[in-house]
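The values are calculated or read from the model by the stated rules, or taken from the named source; none is laboratory data. What you see is a predicted model, and the numbers here were worked out from it, not measured in a lab. Please note: Cβ atoms are built from the backbone with ideal geometry, for glycine as well, and neighbour counts cover all protein chains shown. Each accessible area value is taken on the protein alone, full model and side chains, heavy atoms only, with ligands, DNA and RNA left out. Shrake-Rupley method; radii C 1.70, N 1.55, O 1.52, S 1.80 Å.
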Amino acid sequence: MLHHIYKVQPKKEMSAPMIVNVRNFDVNRLTFVVGPKKAGRMPSINMKYDGQPFNLRFPNKMSVRMWTRTDDKTGNTSYTLSTNMKGCDPYARERATGTSDVDALYNLIVFDLKEKILSTAEEKSKEWFGKKRERAGLLDAFKDMYRVSADRIDGEYVPNGKYPPSITLKLPVYDNKVSTDVINDTGNPVYLTPDTLGKVFENNVEVNMVASPSLYIIAGGSFGITWRLNYAQVFQRSRLTVASVFTTEEETGEETQATETQEEDSVRPSTPVESSPAPAPSAPARKKRTATGQ
């Protein structure tokens, strides 16, 4: 009697996404992989670095401010962190010439990554959008990854140059659970809930951040990048200082963030990539938005 011998194949372990420091990021090593098409939905587009999923490590100890936004219809609350790229052109017109990690982040977000996305979108527009699109139309449809401070004049936002450009990162909260891993300045884990987020990410607290990008395409043709905060190290202030008591609006950039959030309402990803599922976008509803820790 013959006995068949079956060789047990070892299970393949899923490798964690690679982490790339912003100072070493090279857009030429970035590729975009179009996912399978689904009826009635735009295709997902995965961003790869050297062929692998990746996270970007932001400059150390960036000062952040947390915002919450509650949908009046659904009652769902979203949480975001915003951080300023201090020392960079407040109008985001000129490249940074310095060598700091903040300068590297600014040049990547404002210029290099944007150009890489636009050039690839033009080359592969039929795959991405289902039709051929020209550069000018893509430029109009692209949602910038940064915001500049602006005044609202006659219904339009006009840059005022008061504060540095800022970037927003989403805090993933699903089913009342926070999916970001956080440690404190001594390396101990910090347990997060939606109720404690405002205390952990208090205004102007310094944070080390690692985030992953998701490229989204909205059915109407708009597209852009959102950043999801996956890992963070928070350097809590141990005591109230004289400097923090007299921190001015200019130093916190409060007006900057208030302006950017109004523009942000129109940018809602329909097909997030490499992130937890999010509900499909619905008709815009009135939303209440507040800064925490005040």
Which one of the conditions (1) touching a residue at least 24 places away in the same chain (Cβ under 8 Å); (2) outside any loop (DSSP other than H, G, I, E, B); (3) among the acidic types (D, E); (4) surrounded by 15 or more Cβ atoms within 10 Å (Cβ to Cβ) does E115 fail to meet, given that it meets all the rest? (4)
Considering every residue within region 16-34, establish whether at least one is surrounded by fewer than 11 Cβ atoms within 10 Å (Cβ to Cβ) and either at pLDDT 95 or above or under 26 Å from I218 (Cβ atoms) (or both). yes
Given (1) open to solvent by 20 Å² or more (accessible area, probe 1.4 Å); (2) over 14 Å from V234 (Cα atoms); (3) touching a residue at least 60 places away in the same chain (Cβ under 8 Å); (4) of a type outside the set (D, E), where does F54 come up short, assuming only one miss? (1)
Hey, does region 137-145 have a residue that's at pLDDT 95 or above, part of a strand (DSSP E or B), over 25 Å from Y231 (Cα atoms) and among the aromatic types (F, W, Y)? yes
Of those in region 169-201 that are under 19 Å from the mean Cα position of the chain (by Cα) and under 22 Å from V102 (Cα atoms), the residue most open to solvent (accessible area, probe 1.4 Å) is K170
What number of residues within region 193-220 satisfy the criterion of being within 12 Å of M47 (Cβ to Cβ) and part of a loop (DSSP other than H, G, I, E, B)? 0
Considering only region 157-171, how many residues are more than 19 Å from L105 (Cβ to Cβ), part of a strand (DSSP E or B) and of a type in the set (D, E, K, R)? 0
Would you confirm whether or not region 221-229 contains a residue that is open to solvent by 10 Å² or more (accessible area, probe 1.4 Å), in contact with a strand residue (DSSP E or B) (Cβ under 6 Å, 6 or more places away or on another chain), assigned to a strand (DSSP E or B) and hydroxyl-bearing (S, T, Y)? yes
Among residues belonging to region 146-168 that are closer than 23 Å to T226 by Cα and among the small types (G, A, S), point out the one that is surrounded by the most Cβ atoms within 10 Å (Cβ to Cβ). S149
